[in-house]
Amino acid sequence: MLYRATPEGYVPWNGAAIGGVIHPLGIETAWTAEALAAIGLYAPAAADAVPEGKRIVSTNVQRVNDVVKFVHTLEDIPAPHPSDLGLTKRQLRLGLLANGILPSTIRATLESIPDAVERETALTWFEYTDLIHWDHPQTQAMMALAGFTEEQASAMWMAAWGIPA
């Protein structure tokens, strides 16, 4: 697609007349870059590669070092948070083990909950949930039972997420 130079910047050209002359859309492939530039039309060069750790917020066309090209506005990719990443049962248990917590200790603690419904709910969650979510109340309760601080739990979760599911 060709872009037309305007006082406001570069805008997509839709075949509108230039200087009172209507040009066929086929000039994009038929004309040289110099001939197109002479009437204010450009086929922008590709944007620079996006660096690792960045993501594209928007893209526009600009003249950079005398070259009309696509230019990305970038932002840092935010670090993942545990709430972005679910853990499998295996990842959770291996994460606990890596932090010195035996899954059997968690199970025994859950079995000691006095209220039968609460106990069975917690055990069912611990034993049968295939994908564990950080924000789930049972997850947070289990982390508290394990004695993790929020920072320790977050670090354990992120490390466990790296374990092949």
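The values are calculated or read from the model by the stated rules, or taken from the named source; none is laboratory data. Only a predicted model underlies this, so the values are computations on that prediction, with no experimental measurement involved. No Cβ is skipped: glycine too gets one built from the backbone with ideal geometry, and neighbour counts run over all protein chains shown.
General remarks:
- When LEU97, LEU92 are checked against the criterion of being crowded, with 17+ Cβ neighbours inside 10 Å and either at pLDDT 90 or above or within 21 Å of the chain's Cα centre (by Cα) (or both), LEU92 stands alone in meeting it.
- Qualifying residue in the stretch 34-47 (condition: among the aliphatic types (A, V, I, L, M) and either closer than 30 Å to ALA160 by Cβ or in a strand (DSSP E or B) (or both)): yes
- Filter result (out of contact with any Phe, Trp or Tyr (no Cβ under 6 Å at 6 or more places or on another chain), of a type outside the set (Gly, Ala, Ser) and not in a loop (DSSP other than H, G, I, E, B)) within the stretch 57-72: VAL57, ASN60, GLN62, ARG63, VAL64, VAL67, LYS69, PHE70, VAL71, HIS72
Results for (1) touching a strand residue (DSSP E or B) at 6+ places or on another chain (Cβ under 9 Å); (2) part of a strand (DSSP E or B); (3) aliphatic (A, V, I, L, M), shown as yes or no for each residue.
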position	(1), (2), (3)
VAL50	yes, no, yes
ARG55	yes, yes, no
LEU74	yes, yes, yes
ARG90	no, no, no
LEU96	no, no, yes
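- Single match in ALA35, ALA5, ALA46, ALA30 (criterion: among the aliphatic types (A, V, I, L, M), touching a residue at least 24 places away in the same chain (Cβ under 8 Å) and surrounded by 10 or more Cβ atoms within 10 Å (Cβ to Cβ)): ALA5
- From VAL68, VAL57, residue being without any contact (Cβ under 8 Å) to a residue 60 or more places away in the chain and over 30 Å from MET143 (Cβ atoms): VAL57
- Some residue of the stretch 51-74 being within 26 Å of ASN14 (Cα to Cα), surrounded by fewer than 11 Cβ atoms within 10 Å (Cβ to Cβ) and either touching a Gly at 6+ places or on another chain (Cβ under 6 Å) or hydrophobic (A, V, I, L, M, F, W, C) (or both): yes
- If only residues of the stretch 99-116 that are among the β-branched types (Val, Ile, Thr) and assigned to a helix (DSSP H, G or I) are counted, the one that is nearest to TRP161 (Cα to Cα) is ILE106.
- Test: LYS54 is within 30 Å of ILE163 (Cβ to Cβ), within 29 Å of the chain's Cα centre (by Cα) and not assigned by TED's automatic domain parsing to the domain that holds HIS133: yes
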